[in-house]
Each structure stands twice: as C-alpha cells, then as structure tokens.
1. To the nearest µm²/s, what D does Stokes-Einstein give for region A:251-294 at 4 °C and 1.567 mPa s, using the Kirkwood radius over alpha carbon pairs as Rh?
2. Identify, among B:103, A:113, A:237, the residue whose Cα sits farthest towards the positive end of the charge dipole of the protein assembly as shown, taking +1 on the Cβ of Lys and Arg and -1 on the Cβ of Asp and Glu, with the dipole about the Cα centre.
3. I need the helices of chain B that pass two filters: whole DSSP H segments spanning 24 Å or more by Cα along the axis, and mean Kyte-Doolittle score no lower than 1.6.
4. Go ahead and set up a Gaussian network model of chain A, Cα springs under 10 Å, then flag whichever of A:156, A:298, A:122 fluctuates most.
5. In whole Å, what three semi-axes, largest first, describe the equivalent ellipsoid of the protein assembly as shown built from its Cα gyration tensor (square root of 5 times each eigenvalue)?
6. Within chain A, which complete DSSP H helices have Cα atoms spanning at least 30 Å along the helix axis and a mean Kyte-Doolittle hydropathy of -1.0 or higher?
7. Collect residues whose amide H, placed 1.01 Å from N in the peptide plane, falls under 5 Å from the amide H of residue B:81; neighbours closer than 5 in sequence don't count.
8. I want to verify a result. In a Gaussian network model of chain A, Cα cutoff 10 Å, which of these has the top mean-square fluctuation: A:238, A:120, A:18?
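Here, each number is a calculation from the coordinates, and none is a lab measurement. Since this is a predicted model, take the numbers as computed values, not measurements. FYI the Cβ positions are ideal-geometry reconstructions off the backbone, even for glycines, and counts take in every protein chain you see.
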Amino acid sequence: MADYILRRLGIGLVTLLGVAVMVFFIMRILPGDAAVMMSGAGAGAVSEKELAEVRSKLGLDRSLPVQFAEWAGKVAVFDLGTSLRTGKPVIEDIARRFPYTLQVVVMAMVIAVLVGVPMGVLSAAFPGSWGDQALRALSIVGLAAPSFWVGLILILALVWMFQWSAPLFWEPFWVSPWKSITQLFWPALAVGMRQLALIARMTRSIMLEVLGEDFIRTARAKGLSEWAVVMRHGLRNGLLPVVTLIGFEVSALFGGLIVTETVFSVPGLGQYVVTAILNRDYPAAQGIVLILAGIVVLGNLTVDLLYGALDPRTRVQAADK
Amino acid sequence: MSDAGAAPAVVPAGARGARWRTLARIAREQPLGAFGALVLLVMVVVAIGAPVFAPFDPTQGDAASLNSAPNARNWLGTDAFGRDNLSRLIYGARISLMVGLGASLLGVVVGAALGIVSTYRGGWVDTITQRVMDALLAFPMLLLALAMAAVLGPSLPNVIVALAVPIAPRAARIARSSVLVLKATTFIEAARATGCSDLRIIVRHILPNTFAPLLVIATAYLGLAIVQEAALDYLGAGIQEPDSSWGLMMSGSATALALTAPWIVIFPGLAICLTVLASNLLGDAIRDLLDPKLRGK
C-alpha cells in the first residue's frame, strides 16, 4: 500500500510539472505584446526604446527556458508575480477570490449529492414508476443544458418571481456566513445542476445493479425491511463509484464555474481567469491556471487514495501491481 | 462485428430492403435514439439549407423594430440591432453543428491515434505520451479550450482546434484502456506470429476492436463541444460578430437586455439543449447497440 501511495504521489508531481510547463508556454505564445499592453494600449505612442525597457523590466527579453526557470523557482515559493492588470501580487488577488470559488464549488457539490443520491436511490428502488421515468427525463435534460444558460434563466425567474436582484456586494463567508450562503446559492445551483443529473443517473444505474446481487436476495430472505435492504446493504455497496465520480467531477465543476461566475458576476477565480486570459495578463493567467490544474491533480490523487481506503478489494489489487 | 446492430454499414448494396428493415427494427428497439438521430438530421438539413429556410438576412438589422417580441413577422422576435432571431438561430445551427462535429471528430481521431500507437508501442514513447496526456487532463476542459482559443485567435477553424485539444487526451485514455486489453489477447499474438507488420495489426486488428467505445465518446463529446463552443462565444473568445452563433446570441447586450427582452436569450439556449439532448440520446442508443452485455435486454 505504501508503495502504491508513493508511486501515485510521484506521478502526481510529474503531472504538476508538466502542467506548469504547458501553462507557461501556452501563455507565452498568446498573441499580443504584454509590454505594449503595460505601457498603455495606445500603440505608436510608445517608442521602441521605452518598450525595450519595459521588456527588460519584465524579463521578457531573456530566452524562454531562462524565463521558465525563473518563474518556476518563484512559483515553488508561492510567488506568482504581479498582475499586469491590477498591479497587485497575483497571489493576493487569488487569495481574495478563492474563498468565493471554493464556497460555490462546495455548495454545488453538496446540492448535487444531497438531491442527486436520494433521487437515484428512490428511482432504483421503484424502477419503472412514474417518478423513475420523470427522474430519467429530468437528468437527461439536466445533462443537456449549458450551465451558464441555466444561470441566465435562473436570474430571469428569480427577478420575475421574487424581484430578486444580483447582489452588488458579495458577502465573504467569514463576515456573515448565512448571508453569503444565501447569496451564492443560485450560482451554486446553476453550476451543480449538471453534476446533480450525473450523480442521480449514476446512482440509479449502480443501485439497480447492486440490488440485483445475491446478497440483496439473502438480506430480503432474512426478513429485513425494504428500507434496511436498500439503505444498509444496497447503498453502502453502491456508493463507491459515486464517490469516484464526485472526485473527478471537480474538474468539470471548475469548467462550469468559469462561465457561471461571469454570468452572476461572482468575484471568484473563474471570472478572474477569464479576464486574465482575454487581456493577456500572463502572470495572473499562469498563476490561476496552474492553481486550478493543481487542485484537479490533488483531487484525482485524493480519490485514488480514498478509493483504496473505502474499498478493501482495490487495496489488494493495488498491492498486486 | 457481424451483429445486427452494426449491420447497416456492411450490408451489400443489393440488400436494400433488408437494410431498411434492420434500420426500422433498431428504431423500434431504441425509440429515443431514433428520435435523437431524427432531430440531428433535421438540424443538419436546416443548417445546410439555411439561406432557404431563414426568412431574413441574419446580419441585416431593421432599425424600425429593435428588441421586438415574437410576432407574426419575426417569429422569435428581434435582437438589439433589429436582426431576426429565427434567421440568426438557423444560421447559428451551422456554426454549432460544424464546431460540434469538427471538434469531437478531430479530438477523438487525434486522441485515439496517439493512444493506440503509443500504447501498442509501449516503452518510453508510451510513458512520455502518458505524462503529457495526464498534464492535459489536469486542465478543466473549458479552461484549456479558452486558453487555446486565446492563443489561436478567434476564427471558426481555430475554435474547432481549441475545443478538440481537451477532447484528445480523454479519447486517448479510452483507446489506451482497450488496447491494453487487446495487446494481451491471443489473436493479436497470432497475427504477430503470422508475420503481420505493426501497421497492419493496428489498422486491421486493433482499430476495429476499439471502434465501439470511441464512437460512443465521439457522440458524447459532440454535445459537450456544442455547449463549450457556446460558452467560448459567450465569453468573447469564440465566433465574433457579425456572424451568428447560438452562444453569441446570448452574450453581450443580450444578457443586459434579458429582463426586458428575455426571448433573445431563451431560444438559443433551448436550441442548444435540444441539440445536446438529441446527441446524448443517440449516443446512449449507440452504446446500448454496441454493448454485447446490454444487447437483447
């Protein structure tokens, strides 16, 4: 087991390094000159000499491998440079925005799991019922709807029904937790809709499979109540693949967030990374993309390790490898 | 692969009637999949014949009717420039379908080729390819597509490439898992023993056996690519005005106007939902038809 963990950690580290290299080079080949952007977009107004000065100040005149080595060295000590647009250290910008994004992701997942898992279990417990049919139809539609469009429609519905208006100021969680939760509920719902549908669908199909197993028949034959059969014997065994799905879906959640934060104007990382990429703000874009990808790598690693902890069978297989 | 599910593709030309009967039987078995295929077919026809079907020029605004509600003349209303929403929706179908089909095909073909060849070869080629794919997989799909679109610049072919980049490593992973299993089978060993070249083994023996899962993910990514294309347009990194695409119809002034003229954002979203729904239903049906475990249920 220890061998397996070490190997997974090693692969994770190599992946992170690969991510860093990719992030650096993708951002460097972005068309548009950062030096021109920095010196005020009025191209032509700046002389070649001034541009050269800005370039050497930013280190853009050195060779790419040297620039990469310098950047990577700083990243290792959490120095992501200064944003060309806001003029503040990128790490500060990220630290201020990260809590919002984290909260939306967590809330979206909680909504998806709390609604999706029971829906899937009920659906599998009564296959073919009208509730089951409705759920399958809903989950198929939920998978088809783009999250930013769901967000737009949600905003429309909220305004029509409750005269809701988008908050001008988004309360940080630690200042007033309840207000922050109510404010971020709608963006979280829009982002989590897809995962809700996925989780409900997956729970249903796994539960259907598990409920057909011999040990379920044994449990029924023992005279256990249907509740105990489904919840204790069925769900326990069906939950593992769902846990995996949740882990891997973190990546998809970030993807959904990027647009949905823009729709709701939530001041999170998604909105920040879009503006950074579209404005050729290298340090900011590099930093944030690296951090998001890093979170995904860590998420996948956690799922792999959790899986071993949750299911004794995989531990044996891993040891065999 | 001589089962009924895949039969239409290989039935000789003389057996026309049998082919139709097979199709009809499949449609009866998979009504939802048939519905999806039908919807996609109608969309493709409408997209190709856009100049015929669109009642107005999608780029020509009518200053006399800005943001008008759906009415007898403009069935889906007009946008902030007085352009007919129905016509823009019809022309937008061209972009969505082209990008969806283009990106999923390109991504799956390139990814599968990389996955199959590197897994078959093994060794350090495989290790390096694997690590590169792992790194690519760490980026959220839309984020990678957004960065690629920004690097390449906004144009239709570039948007297709940008969306294909995150699809490729996912296709490579699927191809890899089938090739790993195939490599250990006796019929591959037999092929090698009879002196088949690597190229022949890959093309004639491995490719046909990885085709089913690849086809299934190609349909899955068709829908996803359409959604993400709309997202790129919405963020301003994709198709640009005055072209009309479904994502573009929802962006910019449309969002600001959503409260007074909600039809502008509602219809393109519904169009996306319908297209993605159709491709998902078709994908599910294909998976059921190709999966021997599910067949006959």
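1. 126 µm²/s
2. Result: A:237, furthest along the dipole toward the positive end.
3. Correct list, ordered by number: B:31-48.
4. Looking only at A:156, A:298, A:122, the largest GNM fluctuation is found for A:156.
5. Three semi-axes, in Å: 38, 33, 29.
6. Span-like helices in chain A: A:2-28, A:90-125, A:177-210, A:236-264, A:282-310.
7. B:67
8. Result: A:18 has the largest fluctuation of those listed.
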